[in-house]
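Right, one structure below, let's go through it.
The values are calculated or read from the model by the stated rules, or taken from the named source; none is laboratory data. Remember, it's a predicted structure, so these values are computed and weren't measured experimentally. As a convention, Cβ positions derive from the backbone with ideal geometry for all residues, glycine included, and neighbour counts pool all protein chains shown. When the accessible area is computed, the model is the full protein with side chains, heavy atoms only, and any ligands, DNA or RNA have been set aside. Shrake-Rupley method; radii C 1.70, N 1.55, O 1.52, S 1.80 Å.
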Amino acid sequence: MARKKMILDLDTGVDDALAIAYALATPDADLIGIAASYGNTLVDTAAENSLKLLELLGATDVPVYRGFSHSSTTDDFETMDISMDIHGKNGIGNVELAAAARPVESTPAADFMIEAAHTYQDNLIIVPTGPLTNLAAAMQKDPEIVDLIGNITLMGGALTVPGNVTPYTEANINQDPEAADYVYKHAKHLVMVGLDVTMQTLLTKKETQEWRDLGTEKGRVFADIFDYYIEAYDRLDIDKRGAALHDPLAVGVAVDPKLVTLLPINMMVTHEDGRTIGDPERALDPVKTDFAAVEVDTADYLDRFMNYTNQILG
Ligand code: CA
């Protein structure tokens, strides 16, 4: 079978930064492009952050595409204060990186996804770790790709645990519930890596010290970026034990679903409050197209995460 090709759709973002590192390091897929989304930051900041991080990691052959600047139901977007508290004003823990030498591609992100779906079909994995606006727009513009894309593994939602925006709602889904609902209802094979599992994969300063000890510039930068996030988790009382590896867990599961226990369940997203829940309309359908990760092998994942990041940051 041909090698898997991966597209990340990121609102870069501290944990998005680690999703890039993990995707470049994993031997199980080629990262063929990054879509940029609004979310943790404005879309242009997200694109710029991705370009800078790719450059830092020596991956200047991975193109970055600009996505939508706001949700499918709004006309504009402003970064929420809480996002800046958690990710820093620039999205990457207020760590200043050199300007990227190359620009974003001229093709819009949704069009890039459509092209890639036709080219790679079943071998294509799309990993959105921000709002689902870009992917829903691509699926709506060219409905053929719904059956072509092999695997969508997203970071978002919460099924068995509370949300992080409301008692039911997770932040990525909350940005554009309508787009998310479209993706959950139409995807051929969707894996939801939600708060159910991502809040069980926490990183501490013990691990970021390992990156510092590598003695490289990229090791120091990633440690500085993630330490900001660990301190925000502590300061905002999100979790005092460490900070969640939300987005890089989705990348890990995308290439190796055995890291988690998957519950087959056809899902929907409520438009009014962004709740990710079973879809009563499709409950009797014997074919399940959505799968919710409900348990994770934390030790195995963290071990792999540190191996990959030490490799690429070393
Ligand atoms: Ca993200």
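So is ASN90 open to solvent by 20 Å² or more (accessible area, probe 1.4 Å) and over 18 Å from the mean Cα position of the chain (by Cα) or not?
Taking the combined requirement at face value, the residue does not satisfy it.
Taking segment 124-151, which residues are within 15 Å of the ligand (Cβ to nearest atom) and among the hydrophobic types (A, V, I, L, M, F, W, C)?
Answer for segment 124-151, where residues must be within 15 Å of the ligand (Cβ to nearest atom) and among the hydrophobic types (A, V, I, L, M, F, W, C): ILE126, VAL127, LEU132, LEU135.
Go over the candidates ILE277, ILE312 one by one and state the one that is of a type in the set (Val, Ile, Thr) and in contact with a strand residue (DSSP E or B) (Cβ under 7 Å, 6 or more places away or on another chain).
Every option except ILE277 fails the conditions.
Have a look at LEU24, LEU97, LEU18, LEU57 and point out the one that is within 16 Å of the ligand (Cβ to nearest atom) and either crowded, with 16+ Cβ neighbours inside 10 Å or touching a residue at least 40 places away in the same chain (Cβ under 8 Å) (or both).
LEU18
Out of ALA116, ALA109, ALA137, which single residue is more than 21 Å from LEU54 (Cβ to Cβ) and modelled with pLDDT of 95 or more?
Result: ALA137 is the single residue among ALA116, ALA109, ALA137 that is more than 21 Å from LEU54 (Cβ to Cβ) and modelled with pLDDT of 95 or more.
Does segment 73-83 contain any residue that is in a helix (DSSP H, G or I), within 13 Å of the ligand (Cβ to nearest atom) and either more than 14 Å from the chain's Cα centre (by Cα) or on the phi > 0 side of the Ramachandran plot (or both)?
Within segment 73-83, one or more residues are in a helix (DSSP H, G or I), within 13 Å of the ligand (Cβ to nearest atom) and either more than 14 Å from the chain's Cα centre (by Cα) or on the phi > 0 side of the Ramachandran plot (or both).
Specify the residue that is farthest from the chain's Cα centre (by Cα); the eligible residues are those in segment 166-200 that are outside any helix (DSSP H, G or I) and small (Gly, Ala, Ser).
It comes out as ALA187.
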